[in-house]
Amino acid sequence: MSVTTSGSGSAPCRFAHYFVVCGIDNETGLEPDPLIALCKSILVVTFTTFLGENFDQSPLKRTFKSKVLAHYPKNIECNPFDQDAVNMVSDFSTRHFYLFTPCIYQISKFCSAMQTLHQMHQAEHNASAHNCPSSSSLDEAESPFSQGGRRSCGCSGEGYDSVRDTLYVSKAMCLITPMPFMHSCKGFLSQVHRAVISHQPPPLPLESYIYNILYEVPLPPPGRSLKFHGVYEPILCQRPGVGELPLADFPLSEAFQLLGVENLVQIFTCVLLEMQILLYSQDYQRLMVVAEGITTLLFPFQWQHVYVPILPASLLHFLDAPVPYLMGLQSKEGTDRSKLELPQEVICTDLHIHTFYLITKHLFLSMLKRVVLLNIFGNPTLERLQALAKRTGVKVARLEALVAGQKAVGEESVGGRSPAEEEELRNAKLNVQLREVFAARFATMFADYESFVIQNSPDLESWLTNREQMHNFDKASFLSDQPEPYLPFLSHFIETQMFATFIDNKIMSQWEEKEPLLRVFDGRIEKARLYNVRAPSLRSSVYQKCTFLKESAQAIEQRLRKIDHTAIHPHLLDMKIGQGKYQQGFFPKLQADVLASGPTNNKWSNRTCSTQRRVDRHRQQNDHLVLDNELKENLRQPKLSDLSPAVIAQTNWKFVEGLLKECKMKTKRMLVEKMGREAVELGHGEANITGLEENTLIASLCDLLERIWSHGLQVKQGKSALWSHLLHYQAREEKNEQLSESPVSNGQEKRKLESSVGLPALRVSLIQDMRHIQSMGEIKTDVGRARAWIRLSLEKKLLSQHLKQLLSNHALTKKLYKRYAFLRCEEEKEQFLFHLLSLNAVDYFCFTSVFTTIMIPYRAVIIPIKKLSNAMTTSNPWLCVSGELGDSGILQITKNVLEMTFDCQNLGKLTTVQLGHDNSGLLAKWLVDCVMVRNEITGHTYKFPCGRWLGKGVDDGSLERVLIGEFVVPCSDDDGGRGTKTPPLQRSPSQIRRIKPTTVQIQESIGEAVNNIIKHFHKPEKERGSLTVLLCGEGGLVWALEQFFHHGFRSARIFQKNVFVWDFYEKVVAFVENADQIGDLQETPEPLGLNCESFCRYVNAINTMPRNIGKDGKFQLLVCLGARDRMLPQWLPLLAECPVVTRMYEENALLRDKLTVSSLVAVLETLHDFPITLESSLTKSVEL
């Protein structure tokens, strides 16, 4: 085994720091491990198979303490030897005795002690045999360490006999290295083990090889390869360069083969979200490979919690820790994992059977599978084609040439290299390519993370002092820029400790040297950004293939095929003759004086370190020069400070034209996506460009605006050039405001609202919108504020107007920008603003839908019908506003005050308003025309038509009404604020119906209402809108069914009150309950009886609720509940067949036409396939 540690000073120049031998100490004797015994005895209750350590168990299977028997050298200053840690690591393979030959062993001196323990065990076993018959099976259970083949040693199976049997105990060898060269260490230790068990002695004493790797094999520099010699064969190792992924030598292919690509990706996701992960296997090597493989793939992040790839029995209680962890637990063959008692949050993964499964992204998995298949199995395509051609008898010369060429290349690649070396090369390439796929995915997702890092502290000391109280990352702004499919993962991931540590390292890098992982990751992002500066990729959730696969594989192959350095060969040492004599199968006692220290005048360490440093510096300088030359070739721009205007225009024309062209393309894509299929049919785009997410397109527009405002800056101030310009503009305007002692009037306008009688005009301006953004505490960075301002302006249809106003201050623009800047090119600037103006043709809610947790001021105005002298009421009115994101709660309105303002967490798009009063005072009746509600930040205004009375003894007696809103589009006299009116949503149905619809129109309206609901569920979820509007709005299901029930209804009576449909329902309930009491319903069919019972239950529940919603409101609620619970088709036949219908409906009524009722039932049954959910404003206080 090999253990990796970190160190500094002179020792890191050496490949290995320590060589350690572990086993059972002869001096201390057989010392039981009480902690392991205790933990294993606890496991007896957990497992059906006995795993424990007690005195009934055979001494050969008991656990004894393993210790470090020897380590060379004694100590290194930069990396002190930790004996306890090494004891714990080596404990897994050295704590048991065997009556067969383990991998490395020695004849034990504990024969007499073992004989005594065995006799005691045998006596106790015989005495308790009649009480515990199953105890005899203890000796038959195999040790977990006896997975290898048994070798006969004369044991008769009756237990241990010191005269007859030979007793062996295993030893463990360990290399401690400063870097995890796992494959090389394994190769060296394997050759030492092979030398011990070989029939022939090794060419040199073992001390020569151990001395060589400890003192004479150097640590390869970054980007170089090294060849050193083991006992029989040379060993290769290579170290990644400065800009490459860090060294990771565990075989990732084995981890993917054990779990499968899908399962491993899901476990990896759980690790990213810092869950509790338990790996479970009989094989210690599998536990280590999978755990190390998963943590390797975390680049550039690092696991920050408990990490125990192989959990010792003494630490079994760690499984109950209330913190995230990644642990590996060794299982015994035949153990039932389902009976292992674990905390509920733990995700347990069996590495022998694939029991972990979740849904994953197809393209990302396909990329991983392709990398695995190509590296493990080569290129099987040509082989399959050749086999097919051979079976069919077809000869294809080109195919044969390809196959022959592939074989020739393969033979040429082997040229002088052993199959083991080729296998090593293939595994190394596979490792780095798999890691590149994951690293590229992180680089894509976090390409702009640096823009959202908050760096407010002037020095490291002050930052460390206030670390707990400070926000280091602008999470709200970062999430607002991400594609929608990323949000569920990213919103949780940015709260993890590993992401917080990553951001902390980024902040500290401004005062200290960059952490290596961060340096490599930032280099990748910067390289991609520089190469894509002319054609930046559109931020999207579409998977982007990794472009580093070929480059990384070539770097590995070049280092392993052309060795940079060869270490000196092992040689004879000045040793005492007779010691360390070779004896097959026994590890010798090494001469400590030879291995205790290295050479006093190591010419290599003095010469190589300095020489290698010079060579590395020269090589890195050349690499940087090559990269710089490549980038300059692509991005070269001449110095423009002293050129003539004509030359400046000619030089910048292509770049400015590219920005303008990109602006045109982005605005067109945004319009086409918003208009959907309609735009494609009108010829404004192709069908394949639709489907991009609105959030992705707007984030891309924000990137474009930042690049335009960054072009030609005199001096860059802050991370956002746009916000910096806005701040300069704000400072100048506020200074002018103070000088003139008048409100800021530049650019202010009053927006006229359609049907906005009673609402005061909303003053909007660039400065006012900036102040709204600056008051949002959720946004922490200038980049986030700039993007929030863009979203707000776009939602208000003022983006083009605001930017035009910003650029109208020519003095400020000249001060901030050079003369060749895009913003000082008048013609291109006008075209740019015109393209942005085209976005006013559609409605965006990109600010409201993203910043869902901010507090927003709302203004509500109740508009009564004044001409009927009922503008005021003496009662106490109240209001409750509901939206897609929540509701405001009950808001009391001051008497005789029809306008109010209130602050509430963002409600999203407004859907309903509940309006009511307590019916107190002399003038309690109130005739309300509508309610207007406006978002004071975005300016969105909603009208909630009513046109009904609120009061007892008037209309339907309602004291509370639920009103459905319609969005009012603002209009302005200025072109910049003019927008295209969006078709209004359905509104609350009013009582006045002057034209009676025909039977055909009623049936068509019901069919259309049902079709609208079905279309609602067939749309993408983000495009569905409000289901309440389709149910309760004008033209909705409630409105259509109300027309059906009003047809032929005898409601108007002379000198009597109007009769409502709800009165008919109550009479039906009374008739059914009365018939049930006298027993008439006992003879009705069972389904009809159940329908009667459910109808009565719903009507009575609505009648007994504390809300005073009136008879029409009760009818609306019953229809909504019936649609939700799929009861409407069952209730209609009951209502049509009830004798009450003949008294309350005319003969030609639709309800008395059986054919019409049956067709209506069939139409309503089509809604049963869809889950209808109702807003709380509709179902409040109803108990069913």
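Read-outs throughout are calculated quantities, based only on the coordinates presented, and are distinct from any laboratory measurement. All figures in this text were calculated on a predicted structure; none of them were measured in a lab. So basically every Cβ, Gly included, is an ideal-geometry build from the backbone, and we count neighbours across all protein chains shown.
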- Query: For the stretch 854-937, what is the convex hull volume of its Cα atoms per residue in Å³?
  - Reply: 80
- Task: Please give the FRET efficiency for GLN119 paired with THR501, using the beta carbon to beta carbon distance and R0 = 60 Å, rounded to the nearest 0.05.
- Result: 0.55
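Could you give the length gained by full extension between PHE1170 and HIS199, i.e. 0.36 nm per residue of separation minus their alpha carbon distance, to one decimal place?
Stretched out fully, the PHE1170 to HIS199 stretch lengthens by 341.8 nm.
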- Kindly flag which residue pairs out of LYS514/LYS666; LYS925/LYS1180; LYS527/LYS716; LYS550/LYS664; LYS227/LYS527 have an alpha-carbon separation exceeding 28 Å in this structure. LYS514/LYS666; LYS550/LYS664; LYS227/LYS527
- Please turn the phi angles of the stretch 659-666 into ³J(HN,Hα) values with the Karplus equation 6.51 cos²θ - 1.76 cosθ + 1.60 (θ = phi - 60°), one per residue in order, whole Hz, x for glycine and proline. 5, 5, 5, 5, 4, 4, 5, 5
- Task: Please list the non-local residues whose amide H lies under 5 Å from the amide H of GLN905, H modeled 1.01 Å from N, same-chain partners needing a gap of 5 or more.
- Result: ILE856
- Each label point is 7 Å from the Cα along the Cα-to-Cβ direction; what then is the distance between the points at VAL897 and GLU1183, in nm? 3.6
- Just the C-alpha atoms of the stretch 904-972: what Rg/Rh do they give, with Rh taken as the Kirkwood radius? 1.06
- Item | Additional length obtainable on full extension of the chain from VAL1000 to GLN83, 0.36 nm per residue less Cα span | 320.9 nm
- Query: Within a Cβ distance under 11 Å of ILE494, other residues only, what is the Lys/Arg minus Asp/Glu net charge?
  - Reply: -1
- Send over the per residue convex hull volume for the stretch 167-257, Cα only, as a whole number of Å³. 140
- Amide H of GLY328: which non-local residues (sequence gap of 5 or more, or other chain) have their own amide H closer than 5 Å, using H built in the peptide plane? LEU279, VAL308, ILE310, LEU311
- Integer Hz, Karplus 6.51/-1.76/1.60 couplings in order for the stretch 815-826, x for Gly and Pro: 5, 8, 10, 6, 6, 8, 5, 4, 6, 9, 9, 4
- Message: Among 266-278, 1092-1104, how do they line up by average Cβ neighbours within 10 Å per residue, starting with the highest?
- Response: 266-278, 1092-1104
- Of the peptides 209-219, 660-670, how do they stack up when ordered by the mean number of other Cβ atoms within 10 Å, highest first? 209-219, 660-670
- Query: Given a Förster radius of 35 Å and the C-beta distance between GLN285 and ARG467 as r, what FRET efficiency does 1/(1 + (r/R0)^6) yield to the nearest 0.05?
  - Reply: 0.30
- In whole percent, what relative contact order does the stretch 755-847 give with Cα contacts below 8 Å and a gap of six or more residues? 32
- Task: Please sort 1061-1071, 910-920, 884-894, 585-595 by packing, taking for each peptide the average over its residues of neighbouring beta carbons within 10 angstrom, highest first.
- Result: 910-920, 1061-1071, 585-595, 884-894
- Message: Using the Karplus curve 6.51 cos²θ - 1.76 cosθ + 1.60 with θ = phi - 60°, what ³J(HN,Hα) values do you get for each residue of the stretch 65-72, in whole Hz, with x for Gly and Pro?
- Response: 5, 9, 9, 6, 7, 7, 8, 10
- Counting only residues 5 or more places away or on other chains, whose amide H sits under 5 Å from the amide H of GLY241 once H atoms are built in the peptide plane? GLY223
